[in-house]
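Since the structure comes first, as structure tokens, the remarks are kept for the end.
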Amino acid sequence: MPYFITTAIAYVNGPPHLGHAYEEIATDVLARHMRQRGEDVFFLTGTDEHGEPVADSAHAQGLEPQAWADQNAARFKELMPTLNISQDFFIRTTDPEHIARVQEVMQRIYDNGYVYKGVYEGWYCPRCADFKTDTDVGEGNTCPIHGIPLTRESEENWFFKLSAFQQQIEQLYAEHPDFVMPARAMNEAQAFLGGGLQDVSLSRSKLKWGVTVPWDQSQVFYVWFDALLNYYTALSYARPGQDLADHYGPAQLHVIGKDILKFHTIFWPAMLMAAGIAPPEHVFVHGFLMGEDGRKMSKSLGNGLDPFEVIEQFGTDALRYYLLREVQFGQDGNVGIKGCTVRYESELANEYGNLASRTIAMIDRYRDGVVPAVATDPALADDFSTLPQDVAALFDRADSTQALELIWQRVRRLNRYAEERQPWQLAKDPDSADQLNQVLASLYEGVRVVSVLLAPYIPASVEKLLAALGAPDSTYAAASFSAAGPLTSGVTVSTLPPLFPKMASDRT
Ligand code: ME8
């Protein structure tokens, strides 16, 4: 089945930060899991390059917006292999194909009668690139998100009849109670809708850095109308000569942060309806990462988590694991280098890495590296029997954190099993050879299964480990624990250096 999944596209008003890395990683985990299950995944990400935030920050650097956008978009693109993101396309909203397609769709919305001319006046935040409603204005007319003073703006521009979609969106929500996930985010979207939809201005006359309105060359589109359409336009040119829109569109899942909920849960389906295009299936709203002290991360407070520092010290898989494990996907969370170090050492290095190397080392030492061809321990097999289905059910709700918890419970179970059965003792007694075979086959099978399920989270480590186990299949079908004994019985395992080596400071 086609499975189209997207991240928000990041503003290029600066280099990528941890929040961006988090969203990419979390979405990548979902995309990789769906690929494991054999879904025909198309994973889209990219950069949002028009609008005030980019124009203003470019001018502050003494650069033209395009040059500044080029510079920062390159940094976002470079981030993808660094984080091991498996996107199928990276869109830039300055791509000429995107621009042409935005004009085409917006013209359709105009022709369908959902656009009119009006005068807009209100409190405007240049960083949000958004007018604030009266209830949204912070103390002293500041932006509640950015804390900067809002400006009073008034201009004649084009309006989108958002109010015309009140009933259709109510119906969409009623028919698809999980259109927005998790439930708390759905409540927020419902509350916004319950307040009554008001028309919104869709163009700007002052700003020049944007997509020109085709029916009025003196204006450019308000950046959100250009940006949201990336989810539609990208499919028309991601593969030259092919339009993938009919195959992949509309998206199964848009992954976004909580600050842009309104745009994705209200504006976006309304725009699609206005253009006669089907709305997406789900929007998943994740929380914000904050410093370990619970405060917004900032350089001056020194409470931030620099993704590049973590990668340098612990590796990409450790960053991916830590963020998904530490922060319940869909909620805010506090992260920092201390917590990351603890989880790296106690969970990745000790619980998982050691388990894997001990298992391989024991098969090597006691059985010349050959995986014993015997049935696994029924007690252990029972604990794994519903694991793949349970993990998949959680992923169907994008709950990658609880899925990881379920997998990790089995990692711990395997460690307890090794302690209970003490294969190093069994090895001393030739009469216990059968028991030892069973324990080794069971540990091997358990390590293999948890690794297959961990592949979306820590893909590079799992690839190495499965290769060393002589069982490279990482598809979802390979995630079932075989009671009859490892399907790869008889293969020879190969030793491998520690996947998550202890830090240098520990060795002193
Ligand atoms: O909003 N923790 O771009 P953006 C977690 N261009 N997520 C965070 C975060 C944090 N501290 N800070 C930001 C935009 N994000 C628009 C999107 S989509 C058509 C246009 C998330 O660069 C944020 O919530 O400000 C958003 O989902 C994404 O990073 C890009 O944010």
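Worth a mention:
- Residue ranges of helices (runs of 4 or more DSSP H) in region 402-508 with at least 3 members among the β-branched types (Val, Ile, Thr): 433-454
- Here 27, 82 are screened, and the one residue that is more than 9 Å from the ligand (Cβ to nearest atom), surrounded by fewer than 22 Cβ atoms within 10 Å (Cβ to Cβ), touching a residue at least 60 places away in the same chain (Cβ under 8 Å) and part of a helix (DSSP H, G or I) is 82.
- Condition met for residue 76 (within 18 Å of residue 249 (Cβ to Cβ) and of a type in the set (A, V, I, L, M, F, W, C)): no
- Residues (assigned to a loop (DSSP other than H, G, I, E, B) and of a type in the set (A, V, I, L, M, F, W, C)) located in region 269-328: 277, 278, 288, 297, 301, 305, 327
- The number of residues in region 207-241 that are touching a Lys or Arg at 6+ places or on another chain (Cβ under 8 Å) and within 15 Å of the ligand (Cβ to nearest atom) comes to 6.
- Which numbered condition residue 314 misses (of (1) over 30 Å from residue 2 (Cβ atoms); (2) surrounded by fewer than 20 Cβ atoms within 10 Å (Cβ to Cβ)): (2)
Residue by residue, here is whether (1) touching a residue at least 24 places away in the same chain (Cβ under 8 Å); (2) in contact with a Phe, Trp or Tyr (Cβ under 6 Å, 6 or more places away or on another chain); (3) buried (at least 21 other Cβ atoms within 10 Å of the Cβ) holds:
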site: 232; (1), (2), (3): yes, no, yes
site: 251; (1), (2), (3): yes, yes, yes
site: 256; (1), (2), (3): yes, no, yes
site: 271; (1), (2), (3): yes, no, yes
site: 285; (1), (2), (3): yes, no, yes
site: 293; (1), (2), (3): yes, no, no
site: 303; (1), (2), (3): yes, no, no
site: 310; (1), (2), (3): yes, no, yes
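- There is at least one residue in region 377-398 that is closer than 28 Å to residue 434 by Cβ, outside any helix (DSSP H, G or I) and more than 27 Å from the chain's Cα centre (by Cα).
- Selection status of residue 268, of a type outside the set (Gly, Ala, Ser) and within 12 Å of the ligand (Cβ to nearest atom): yes
- Restricting region 7-24 to residues that are over 19 Å from residue 93 (Cβ atoms) and under 9 Å from the mean Cα position of the chain (by Cα) leaves a set whose member that is nearest to the ligand (Cβ to nearest atom) is 22.
- Comparison of 180, 220, 211 shows that the only residue that is among the hydrophobic types (A, V, I, L, M, F, W, C), over 21 Å from residue 8 (Cα atoms), buried (at least 19 other Cβ atoms within 10 Å of the Cβ) and touching a residue at least 12 places away in the same chain (Cβ under 8 Å) is 220.
Residue by residue, here is whether (1) surrounded by fewer than 20 Cβ atoms within 10 Å (Cβ to Cβ); (2) polar (S, T, N, Q) holds:
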residue	(1), (2)
86	yes, yes
89	yes, no
93	no, yes
99	yes, no
102	no, no
112	yes, yes
121	yes, no
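- Enumeration of residues in region 109-144 that are among the acidic types (Asp, Glu), farther than 21 Å from residue 223 by Cα and not in a loop (DSSP other than H, G, I, E, B): 134
- Flag: residue 242 does not match the condition of being more than 21 Å from residue 89 (Cα to Cα), of a type in the set (S, T, N, Q) and out of contact with any strand residue (DSSP E or B) (no Cβ under 8 Å at 6 or more places or on another chain).
- Filtered residues of region 41-65 (kept if part of a strand (DSSP E or B), more than 10 Å from the ligand (Cβ to nearest atom) and touching a residue at least 60 places away in the same chain (Cβ under 8 Å)): 42, 44
All of the numbers you see were taken from the coordinates with simple rules; none came from a lab. Keep in mind that what you see is a predicted model, and the values were worked out from it rather than measured. A quick note on method: Cβ atoms are made from the backbone with ideal geometry, for glycine too, and the neighbour counts reach across all protein chains shown.
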